[in-house]
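Shown next, in structure tokens, is the structure this report addresses.
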Amino acid sequence: MSQDLPILVIGAGLGGVAAALGLAKSGRKVRILEATEELGVIGYGIQLGPNVFPMFRQLGVEKEVLQHAHFPPDVMMNDAITGARIVGLNTGSKGFRERFKDPYVAIHRVDLHGVLLDACRKMPNVEITASAEFGACEEQGERVIVRLTDGRTIEGSALIGADGLGSAVRKHFIGEEKPKPNGFVAHRTIVPMEQVASHVGCDEVILWGGPGFHIVQYPLRNRSLFNIVAVFRTENLYERADEETYRRVLMETYKTAHPTMHHMLRMMDLKRRWVIADRDPIRTWSFGRCTLLGDAAHPTTQSDAQGACMAIEDAVVLAARIQEAGGDFTTAFKRYEKDRYLRTARIVLESRHLWEFYHLGGIEAEVRNDASGKQTDDDVWRCLAWIYDGVKLPR
Ligand SMILES: Cc1cc2nc3c(=O)[nH]c(=O)nc-3n(C[C@H](O)[C@H](O)[C@H](O)COP(=O)(O)OP(=O)(O)OC[C@H]3O[C@@H](n4cnc5c(N)ncnc54)[C@H](O)[C@@H]3O)c2cc1C
């Protein structure tokens, strides 16, 4: 009987483990298949908007997430050349909390992933299989048969592809269509707070926007760590070079930047580079008993800091739709897709627009700074309300 078979979740990233937890809490049997040997090792910071907290409450992990969170008094954008503040969300204010009900936080991804994974491990109806790379799948009646790249086959009642930006599940259903690089790369670093000079704002989330480059900084783990992401445009997107060469490129790219940014650049670990990419939004990502979730469905650039938040929203909405439809996965997946495609498409498209806004130079940057500087807290919050007000869950 397919009802006895688990729902297969491909990928144990933030979206995959959140989906497994949501489904397990509603009594479903779940099996996560993760390609890597070790789970949750990607260590950098992420920001979470207030919209994701109702999802954590639904998953029963809000308290644990909050224990690991940093609450920035402001999330602001500075001009990378002059150092002047352009605009901010005033996240520490009473007004922000009254308007959005939940906080804006920064958290170590390892900690957030750990909370979700621990909660999954406590559920007797979740099985996690590492070193299990999805290769292909086939629907046979009420079953989905997954073939792993090592030749093993695994059966489930339905399949959720939560395997990230380069999703093999997406490729299986939608075909070969590469993510779209936007011409920028990122280096990410976490350093002990002792290394950070006192003149650097160590409490806020700050994005320093400059012509063709930016830096994002914020503290983690009770201000013991400092997260830095340096992002810039390059013609050599896929260049693999030694650290010295990367450093030379970085210094040349950021030569006009404010001295505070140079202090941060000197601390950057340049071993690894990420190519920044998204995909054009799509309306359809459910195919019978199979669907996609998170970056596999709607990967976005990080301008809105919402990729992980969207994956977690997807997970909770999907679990609710499956619960509502009983065992009818095809109906549940279509409803979930309808619930999610416009909101997630808007995130992708707005993030592209914001990306331009962050990287303006010359008189365009002056106009941006002047116009943004005149915005009140209420003006800024109104622009973000469609994101931070969150989603209504199906009953
Ligand atoms: C520089 C940067 C900063 C960011 N900042 C933020 C932020 O501040 N806030 C925010 O909300 N988001 C942020 N994001 C986005 C966020 O990290 C992603 O949107 C989120 O992690 C997506 O989660 P996911 O579960 O869909 O995919 P992933 O986290 O990518 O997980 C996919 C999982 O699938 C596994 N997998 C891959 N292929 C296979 C296969 N064939 N078989 C089995 N398993 C497989 C992978 O190993 C991985 O474990 C940022 C992204 C970047 C690049």
Regarding segment 33-45, can at least one residue be identified that is surrounded by 21 or more Cβ atoms within 10 Å (Cβ to Cβ), within 25 Å of Trp381 (Cα to Cα) and either within 16 Å of the ligand (Cβ to nearest atom) or among the polar types (S, T, N, Q) (or both)? yes
Arg97 versus (1) touching a helix residue (DSSP H, G or I) at 6+ places or on another chain (Cβ under 8 Å); (2) modelled with pLDDT of 95 or more; (3) not in a strand (DSSP E or B): which is the lone unmet condition? (1)
Kindly indicate the residue of segment 153-193 that is more than 17 Å from Val17 (Cα to Cα) and among the charged types (D, E, K, R) and also nearest to the ligand (Cβ to nearest atom) among those meeting that condition. Arg188
Is it true that some residue in segment 232-242 is in contact (Cβ under 8 Å) with a residue 60 or more places away in the chain, in a strand (DSSP E or B) and not acidic (Asp, Glu)? yes
Ala345 - would you say it is more than 29 Å from Val185 (Cβ to Cβ), in a helix (DSSP H, G or I) and within 25 Å of the chain's Cα centre (by Cα)? no
State yes or no: is Val52 within 16 Å of the ligand (Cβ to nearest atom), under 28 Å from Thr376 (Cα atoms) and under 19 Å from the mean Cα position of the chain (by Cα)? yes
Could you tell me which numbered condition Glu133 fails, if it satisfies all but one of (1) touching a residue at least 40 places away in the same chain (Cβ under 8 Å); (2) more than 10 Å from the ligand (Cβ to nearest atom); (3) surrounded by fewer than 19 Cβ atoms within 10 Å (Cβ to Cβ); (4) more than 18 Å from Gly307 (Cα to Cα)? (2)
Segment 317-345, residues that are of a type in the set (A, V, I, L, M) and away from the ligand (no atom under 13 Å from the Cβ): Val317, Ala319, Ala320, Ile322, Ala325, Ala332, Leu342, Ala345
Using the structure shown, decide if Arg143 is among the basic types (Lys, Arg) and more than 14 Å from the ligand (Cβ to nearest atom). yes
Determine, yes or no, whether Ala197 is surrounded by fewer than 20 Cβ atoms within 10 Å (Cβ to Cβ) and in contact with a His (Cβ under 6 Å, 6 or more places away or on another chain). yes
Residue check for Trp285: within 13 Å of the ligand (Cβ to nearest atom) and over 15 Å from Gly15 (Cβ atoms): no
Residue pairs within 8 Å by beta carbon, gap of at least six or interchain, first lying in segment 295-311 and farther than 15 Å from Ile160 by Cα, second within 6 Å of the ligand (Cβ to nearest atom) and among the charged types (D, E, K, R), listed first then second, are Gly307/Asp295
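The values are calculated or read from the model by the stated rules, or taken from the named source; none is laboratory data. Being a predicted model, the structure only gives us computed values, none of them experimental. All Cβ positions, glycine included, derive from the backbone under ideal geometry; neighbour counts span all protein chains shown.
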